[in-house]
Amino acid sequence: MKQLHIETKVVHGCKSFDPHTGSISFPIYQSATFRHPGLNQSTGYDYSRETNPTREELEKTLARLENGKAGFAFSSGMAAIATITELFSPGDHIVVSDDLYGGTYRLFEEICQRHGLEFTYIDTSNLGNLNASLKKNTRALFIETPSNPMMKVTDIQELVRIAKSLDLITIVDNTFLTPYFQRPLELGADIVVHSGTKYLGGHNDVLSGFIVIKDGTFEEKLKLIQKSIGAVLSPFDSWLVLRGMKTLGLRLEKQQHNAIRIANWLKGHPLVEKVYYVGLPEHEGFAISQKQCAGFGGMISFTIKKAEFVEKILRDVKIIAFAESLGGVESLITYPMVQTHGSIPQEIRERLGVNEKLLRLSVGIEAVQDLIDDLDQAMR
Ligand SMILES: *Cc1c(COP(=O)(O)O)cnc(C)c1O
């Protein structure tokens, strides 16, 4: 069959409908276990920690969207990332983007390090830094692009070229752009990971996480880890993400449209010091983004000139909610220093620029003028 466009794939998923009844909405197979037709016989489903039809439809849909070999669904993004770390052994070293989700940093530093994994954090948006961070035991590169919250862009193809020459695995956290705007596996990465809680689910109502792999190299191992640890996504939550993803394209287009307007408005605001939005032509990562992505997404970070104003802004926004998380239809404003990046040591945060003046905006699908008016009154 002719390759479909991503806008069509997000709507139709993998099987698209239930083959048994024709149900357009894929059924929620709310069952822990499955009856065997006879000894040594199986319907293909035995026990839901291993496989569940609803979760399977979602996993195959994710694989299809990322253009990968297989997908795996987890109860959160962190469960997905923790599962990836189980691919490594004590003594292995991983190079990581220094500007990344605080929970990932906490997992690596407080859990994985105790189990013998080593991590080095560098600015992967400048690949000149890579050589000095490599060790004899380096096995993988783990990046976020655009990074969270400083929106630094890493050239995935260039990173993969270096990784391949050194026999390293490339892992990309694709939460911020989703396969709708960026497909790292097509650019050569080996593994993609997602917090599906964000844009994929899209409605701030379900936690989820995903791994998608380019080829069969890690397929059996990941299946084994997934069913052994058991942090799988429930049938109902799988259905919520399947349902949410149908509008992924519409949502992201609108969120990006709103974000461009808001980023430009913020740029002209007397209280704003600097705006970090990948879609602004003056952004350092603009050219690479144009090369490797189909869009810039809906995430904006910005610094205000005086830290004293932060408290007022967070208190006075009315439509935009002061809350952790991102990617949903509702606009949210976050204070990374104390929220998403609270677990990162101050000295590292300061170096990155995650300071008391930085705010992060996840732009929703509301009327953009209402969002601008809301910011305007809160910043007055
Ligand atoms: C939220 C987030 C995670 C963690 O996902 P959860 O679903 O909250 O466990 C990982 N990476 C990025 C970039 C995130 O934004």
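In the complete set of protein chains, residue-level accessible area for residue 46 is approximately 60 Å², probe 1.4 angstrom. In this structure the amide hydrogen of residue 169, modeled in the peptide plane, comes within under 5 Å of the amide hydrogens of 140, 141, none closer than 5 places in sequence on its chain. Highest mobility in the GNM of the chain, judged by mean-square fluctuation with C-alpha springs under 10 Å and restricted to 159, 250, 326, is found for 250.
Note that the range 6-245 presents 41 Å² accessible area per residue, ligands and nucleic acids not counted, probe 1.4 Å.
Charge dipole of the chain (Cα centre as origin; +1 on each Lys and Arg Cβ, -1 on each Asp and Glu Cβ, all else neutral): 460 debye, rounded to the nearest 20. Decide, for the range 104-211, between rounded, prolate and oblate: order the square roots of the alpha carbon gyration tensor eigenvalues as a ≥ b ≥ c, take rounded if a/c falls under 1.5, and otherwise choose prolate if a/b is larger than b/c, else oblate. Oblate shape, in that a/c is at least 1.5 and b/c is the bigger or equal ratio. Solvent-accessible surface of the range 248-378, taken per residue with a 1.4 Å probe and all protein chains present: 43 Å². Here the calculated FRET efficiency for residue 312 and residue 236, from their Cβ-Cβ distance with R0 = 45 Å, stands at 0.65, rounded to the nearest 0.05. For the pair residue 323 and residue 351, a Förster radius of 30 Å applied to the C-beta separation gives a FRET efficiency near 0.65, rounded to the nearest 0.05. Each Lys and Arg contributes +1 and each Asp and Glu -1, all at the Cβ; summed about the Cα centre of the range 156-298, the dipole is approximately 340 debye. Residues 274, 312 ordered from highest to lowest accessible area at a 1.4 Å probe: 274, 312. Roughly how many Å² of residue 135 are accessible to a 1.4 Å probe, to the nearest 10? The accessible area comes out at roughly 100 Å².
Springs between alpha-carbon pairs under 10 angstrom, Gaussian network model over the chain: which of 44, 116, 201 fluctuates most? Comparing 44, 116, 201 in a Gaussian network model of the chain, the most mobile one is 44. Note: relative contact order over the chain, using C-alpha pairs below 8 Å and six or more positions apart, is 18 percent. Of all the stretches in the chain, which is the longest one without any exposed loop site, taking GluC sites (Glu not before Pro) in a DSSP loop (any state but H, G, I, E, B) with at most 11 other Cβ atoms within 10 Å? Here the longest run is 1-281.
Label separation (residue 294 vs residue 229): 3.0 nm, computed from points 7 Å beyond Cα along the C-beta direction. For the chain, DSSP calls about 55 percent of its internal beta bridges antiparallel. I'd like to know which of 277, 310, 355 lies farthest towards the positive end of the charge dipole of the range 248-378, counting +1 on Cβ of Lys and Arg and -1 on Cβ of Asp and Glu. Working it through, the farthest residue towards the positive pole turns out to be 277. A simple spin-label model places the labels of residue 111 and residue 15 3.1 nm from each other, with each point 7 Å out along Cα-to-Cβ. Checking the a/c ratio against 1.5 first, then a/b against b/c, what shape does the Cα gyration tensor give for the chain? Because a/c hits 1.5 or more and a/b fails to exceed b/c, the chain counts as oblate.
Between 261, 139, 64, the Gaussian network model of the chain with springs among Cα atoms under 10 angstrom shows the greatest mean-square fluctuation at 261.
Tell me, what is the percent relative contact order of the range 179-338, built from C-alpha pairs under 8 Å that lie six or more residues apart?
With pairs under 8 Å counted, the relative contact order is 25 percent.
Across the range 252-309, Cα pairs under 8 Å and at least six residues apart give a relative contact order of 43 percent.
Here the accessible area is traced with a 1.4 Å probe on the protein chains. For the range 6-245, carbon and sulfur cover 51 percent of it. For a Förster distance of 45 Å, can you work out the FRET efficiency between the beta-carbons of residue 243 and residue 136, rounded to the nearest 0.05? The calculated FRET efficiency here is 0.40. Going down the table (198/221; 164/246; 15/164), which pairs top 31 Å between alpha carbons? 164/246; 15/164, as the Cα separations exceed 31 Å there.
The values are calculated or read from the model by the stated rules, or taken from the named source; none is laboratory data. Owing to the predicted nature of the structure, the values given are computational and were not obtained by experimental measurement. For neighbour counting, all protein chains shown are included, and Cβ atoms are generated from backbone atoms with ideal geometry for every residue, glycine included. Quick note on the areas: whole protein, heavy atoms, side chains included, nothing else; ligands and nucleic acids left out. Shrake-Rupley method; radii C 1.70, N 1.55, O 1.52, S 1.80 Å.
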